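Submitted below is the structure of interest, expressed as structure tokens.
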Amino acid sequence: MYKIRFILAISSLLFFCCCSDIESKKTEPRLQLKDTTITQPEIRTNPYAPVDVSPMDMSYYPVDYPKLKMTNNTTEPLIARVIYSRPHLQGRDLFHGLLSYGQPWRLGANEATELDLFKAVSIQGKKVNEGRYILYCIPYEDKWTIVLNKNIDTWGLKPDSTKDAYRFDIPVKQTENRVEFFTMVFEKAAKGANLIMAWDDVEARLLLQF
């Protein structure tokens with residue numbers, strides 16, 4: 001009789017322990033996975049000046065002249081610099097929603113585009129004196145009329161033809177490229193440098209000889 005009671009007591013104790021262990025496992029909190037989501041920093045408004053969607057840029061001839069100067073690697077004197085703002089297409093077509101043939105265009109955005117000549121050059125056989133000029137064009141389907149104007153330090157383009165200093169007609173061509181941002185760069189040529197103007201699939205070149 002004593003043995004039976006002892007066995008029942010042990011069995012009850014084991015049963016109680018097992019049930020307690022199962023219950024503790026049920027109520028044990030699950031492991032929480034660490035949140036690995038990357039949050040982007042908050043973009044705040046610039047308190048000093050609004051950020052323009054058409055950034056200002058400049059191109060030199062010789063190409064990268066300031067960098068060459070700082071490393072004492074210049075082999076040619078400074079000839080020219082163009083300062084302009086770079087509008088972009090944003091899904092539009094250049095001559096179907098942005099520009100119109102026969103209408104003056106500032107060759108950029110915002111402040112009037114400026115061409116600085118640090119020495120006299122020759123364009124299409126005509127001497128162009130050193131100095132600062134507004135640079136704009138009148139685009140046509142088969143050519144661009146490039147105008148150098150002395151009405152400097154102006155915003156937008158309200159051309160004053162009485163201050164036109166030089167006009168040149170240059171050919172344009174379509175390319176296989178589709179350039180999103182309007183781009184002006186100098187490229188070395190056999191007797192000087194080309195100022196390349198490219199946007200969308202259109203490219204024009206103005207040859208400066210020196």
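For segment 93-112, check the following and say yes or no: at least one residue is modelled with pLDDT of 90 or more, acidic (Asp, Glu) and closer than 16 Å to Leu206 by Cα.
no
Let me ask something additional. Sort out which residues of segment 146-159 are within 26 Å of the chain's Cα centre (by Cα) and on the phi < 0 side of the Ramachandran plot, and write them in order of number.
Scanning segment 146-159 gives Ile146, Val147, Leu148, Ile152, Thr154, Trp155, Leu157, Lys158.
Could you list, ordered by first residue, the pairs with Cβ atoms under 7 Å in which the first is in segment 185-198 and surrounded by 15 or more Cβ atoms within 10 Å (Cβ to Cβ) and the second is acidic (Asp, Glu), at least 6 apart or interchain?
Taking only residues 6 or more apart or on different chains, the pairs are Ala193/Glu187; Asn194/Glu187; Ile196/Glu187; Ile196/Glu203.
Which residues, counting only those in segment 153-183, are part of a strand (DSSP E or B) and acidic (Asp, Glu)?
Result: Asp164, Asp169, Glu176, Glu180.
Here is a further query. Of all residues being in contact with a strand residue (DSSP E or B) (Cβ under 7 Å, 6 or more places away or on another chain) and touching a residue at least 40 places away in the same chain (Cβ under 8 Å) in segment 58-77, which is nearest to Asn194 (Cα to Cα)? Just the residue, please.
Across segment 58-77, the extreme among qualifying residues is Tyr61.
So, of the residues in segment 117-133 that are in a strand (DSSP E or B) and without any contact (Cβ under 8 Å) to a residue 24 or more places away in the chain, which turns out to be nearest to the chain's Cα centre (by Cα)?
Among those that are in a strand (DSSP E or B) and without any contact (Cβ under 8 Å) to a residue 24 or more places away in the chain, it is Arg132.
Within the bounds of segment 114-125, is there any residue that is small (Gly, Ala, Ser) and within 24 Å of His88 (Cα to Cα)?
Scanning segment 114-125 turns up no residue that is small (Gly, Ala, Ser) and within 24 Å of His88 (Cα to Cα).
Separate question: Just wondering, is there one or more residues in segment 68-75 that are out of contact with any Lys or Arg (no Cβ under 8 Å at 6 or more places or on another chain), at pLDDT 95 or above, outside any strand (DSSP E or B) and among the basic types (Lys, Arg)?
yes
Taking segment 184-193 only, how many residues are in a strand (DSSP E or B) and either aliphatic (A, V, I, L, M) or touching a Phe, Trp or Tyr at 6+ places or on another chain (Cβ under 7 Å) (or both)?
6
Suppose we filter Leu99, Leu89 for residues that are touching a Lys or Arg at 6+ places or on another chain (Cβ under 9 Å), touching a residue at least 12 places away in the same chain (Cβ under 8 Å) and within 13 Å of Trp199 (Cα to Cα); which single one remains?
Leu89
Go through segment 173-205 and give me each residue that's of a type in the set (A, V, I, L, M), at pLDDT 95 or above and more than 23 Å from the chain's Cα centre (by Cα).
Those that are of a type in the set (A, V, I, L, M), at pLDDT 95 or above and more than 23 Å from the chain's Cα centre (by Cα): Ala189, Ala193.
If you don't mind, another one. Condition first: touching a helix residue (DSSP H, G or I) at 6+ places or on another chain (Cβ under 7 Å) and either modelled with pLDDT of 95 or more or surrounded by 15 or more Cβ atoms within 10 Å (Cβ to Cβ) (or both). Can you find one or more residues in segment 116-133 that meet it?
no
The values are calculated or read from the model by the stated rules, or taken from the named source; none is laboratory data. Bear in mind the structure is a predicted one, so any value in this text is a computation, not a measurement. Cβ coordinates were reconstructed from backbone atoms using ideal geometry, including for glycine residues, and neighbour counts include every protein chain displayed.
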